[in-house]
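Novice: Submitted below is the structure of interest, expressed as structure tokens.
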Amino acid sequence: MTFVGRKRTLETLRLLQDKRYTVKVVTGMRGCGKTALLRKHYETLMDGGADIQDLHYLCFEETDGKKIKGAKALDEWIRDHVSKERTTHLFLDEIQHVEGWEPVVHRLAAKGCCDVYVASSYLASIPENDDTVRWTEIPLFPFSFKEFVEYYGRDDVQTAFSDYLVFGGMPTMVMTDRYDVNSDYLKSRFYIVLMEDVLSHHFTGSIYRSMDLMRYIFENLGVNISDIMASRSLDISSNTVSRYLDELCASGLLVHGRRYEMLGSLRLESIGKYYIADHAIRNVFLDSTDLIFTKGLLENVVYIELLRRGYPVSVGDWKLMEADFTISTGSGKMYLEVATNLSIPKVRQRCLTKLRVNVSPVPRMILALNTAGYSYLGKVEVKDLMEWLLEE
């Protein structure tokens, strides 16, 4: 299989390689490309002159890795394979299967003899840094639209974008001309993630309740949600909702966008929006493609793309007429609004109202599926959404 894209992530790995007291932690939902990324970096190190004896890759879902069930066995394997005299490049893939792996990897990194990379399809939280060891999370998502176009060799950008909105960017997806075949694949990926990376990790709730919550999230893309709001809608306790959401986020299936209150410049932790790592899962889960060009789905695509590009992002509240996103850039903040069709006067007015053009001098931008020929609305820059997604 041809390796496509991931330039920014590979560059991050290159910059961090040989930083011996830093553990590189690649996270993301199952099937998004973590293994291919690790193997590509492994090949890069080998091509760069690293001795094959100093390169070790172990996947805990393959035969040799499955034999290692806990921290003690992992410790023994490391003692047998990691050199104390030379720098070893160690890749530990799907490490979530090893209970208690964090202290073992911490002790190894603290010795300063190993360049350590781990990948996990389930991670509730990154271990805390201390005086010796630094843990650096490197999130990975399914293909961006640009990578999708490159991978499938598409020339017709408009048709490619429609397919991307319907079928998403899972690298293991084999695109066919039949919707039912593509849809069945996506459904199987969703249920694998649910079974392997949610229900198998100390999950004590009801699978039916978790599915109800997923439906609620998918039907409310682009809407601020709190535990209490979901609890009232689903008639389950807010603690149960919180636990389910934590599990779904730990699996990489959902990403929590924290709220940013524009007027008070206050980031609120208790409320926010939930986005899907691969938006196509929503389509097959709801068994509908009728709403692929809705603002909520487009907002999901933009939010995940902003994370891919490394921007810290907070979300606004549409009920309070706040911008969709507040982005932290090297030079300050930027407010960003996503729109469907700027040829509609009320859509243009809503965008400008939400961006509060007369409040402060913070740069503002609208990303629109149909710009209606606008490059600016007053002082607000307007960009074509598809062209923006195809930018480097």
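Just so it is clear, none of the values below were taken in a lab; they were calculated from the coordinates. No experiment lies behind these values; they were computed from the predicted model shown. Positions of Cβ are generated from backbone atoms using ideal geometry, with glycine treated the same way; all protein chains shown enter the neighbour counts.
Novice: From the P(r) of the range 202-258, can you give the percent of Cα pairs sitting at distances over 19 Å? Numbers along the way, then the final one.
Specialist: Working: 267 of 1596 pairs.
Counting every Cα pair in the range 202-258, those more than 19 Å apart make up 17 percent.
Novice: A further question on this structure: Go ahead and set up a Gaussian network model of the chain, Cα springs under 10 Å, then flag whichever of Ser314, Ser238, Ser288 fluctuates most.
Specialist: Greatest mean-square fluctuation among the candidates belongs to Ser288.
Novice: Between the range 137-175 and the range 316-392, how far is it from one alpha carbon centroid to the other, in angstrom?
Specialist: Here the two parts' Cα centres lie 24 Å apart.
Novice: Where is the GNM fluctuation largest for the chain (alpha-carbon springs, 10 angstrom cutoff): Gly112, Gly272, Gly330?
Specialist: Ranking Gly112, Gly272, Gly330 by mean-square fluctuation puts Gly330 first.
Novice: Please list the equivalent ellipsoid semi-axes of the range 43-111, computed as the square roots of five times the alpha-carbon gyration tensor eigenvalues, in descending order and whole angstrom. Intermediate results must be reported in sequence, preceding the final value.
Specialist: Working: eigenvalues 88, 43, 20 Å².
Gyration-tensor ellipsoid for the range 43-111: 21, 15, 10 Å.
Novice: Still on this structure, please answer the following. Grab the DSSP H runs of the chain that are 4 residues or longer, score each as -39,500 (n - 2.57), total them, divide by all residues and round the 222 nm result to the nearest 500 deg cm²/dmol. Before the final figure, lay out the partial values.
Specialist: Working: 15 runs with 154 residues, N = 392.
It lands at -11500 deg cm²/dmol.
Novice: In a GNM of the chain with a 10 Å cut-off on Cα contacts, which of Thr136, Thr176, Thr22 has the highest mean-square fluctuation?
Specialist: Checking each option, the largest mean-square fluctuation is seen for Thr176.
Novice: Also, I was wondering about something else. In whole Å, what are the Cα extents of the range 129-186 along the three principal axes, biggest one first?
Specialist: 54, 25, 15
Novice: Please report the projected area of the range 162-260's Cα convex hull averaged over all directions, in nm².
Specialist: Values: hull surface 29.8 nm².
One quarter of the hull surface, i.e. the mean projection, equals 7.4 nm².
Novice: Also, quick follow-up: Taking the Cβ of each residue in Lys24, Lys346 as the centre, tally the other Cβ atoms inside 10 Å and list the residues starting with the fewest. Please list the in-between numbers first.
Specialist: Numbers: Lys24 23, Lys346 7.
Ranking Lys24, Lys346 by Cβ neighbours within 10 Å, fewest first, gives Lys346, Lys24.
Novice: How much of the DSSP bridge set in the range 309-392 is antiparallel, in percent, rounded to the nearest 5?
Specialist: Rounded to the nearest five, the antiparallel share is 50 percent.
Novice: Using only the Cα atoms of the range 7-139, what semi-axes does the equivalent ellipsoid have when each is the square root of 5 times a gyration tensor eigenvalue? Give whole Å, largest first. Mind showing how you got there, number by number?
Specialist: Numbers: eigenvalues 68, 63, 51 Å².
Rounded to whole Å, the semi-axes are 18, 18, 16.
Novice: Return the FRET efficiency for the residue pair Ser233, Leu199: r is the Cβ-Cβ distance, R0 is 22 Å, and the value is rounded to the nearest 0.05.
Specialist: Values: r = 22 Å, r/R0 = 1.02.
The computed FRET efficiency comes out at 0.45.
Novice: Distances over 27 Å make up what percent of all Cα-Cα pairs in the range 145-389? Walk me through the intermediate numbers first.
Specialist: Working: 11311 of 29890 pairs.
Of all Cα-Cα pairs in the range 145-389, 38 percent lie more than 27 Å apart.
Novice: Angle, helix 238-250 long axis vs. longest principal axis of the chain, Cα atoms, 0 to 90°, nearest 10?
Specialist: So the helix axis and the longest Cα principal axis differ by about 60 degrees.
Novice: If you count the DSSP beta bridges with both ends in the chain, what percent of them are antiparallel, to the nearest 5? Intermediate results must be reported in sequence, preceding the final value.
Specialist: Working: 19 of 52 bridges.
That works out to approximately 35 percent antiparallel.
Novice: So what are the range 55-211's ellipsoid semi-axes, whole angstrom, largest first, if each one is the square root of 5 times an eigenvalue of the alpha-carbon gyration tensor? Write out the running numbers ahead of the final one.
Specialist: Working: eigenvalues 256, 86, 43 Å².
Equivalent ellipsoid of the range 55-211: 36, 21, 15 Å, largest first.
Novice: Now, a different point. Tell me, Lys72, Lys383 in order of fewest to most beta-carbon neighbours within 10 Å?
Specialist: Working: Lys72 11, Lys383 17.
The order, fewest Cβ neighbours first, is Lys72, Lys383.
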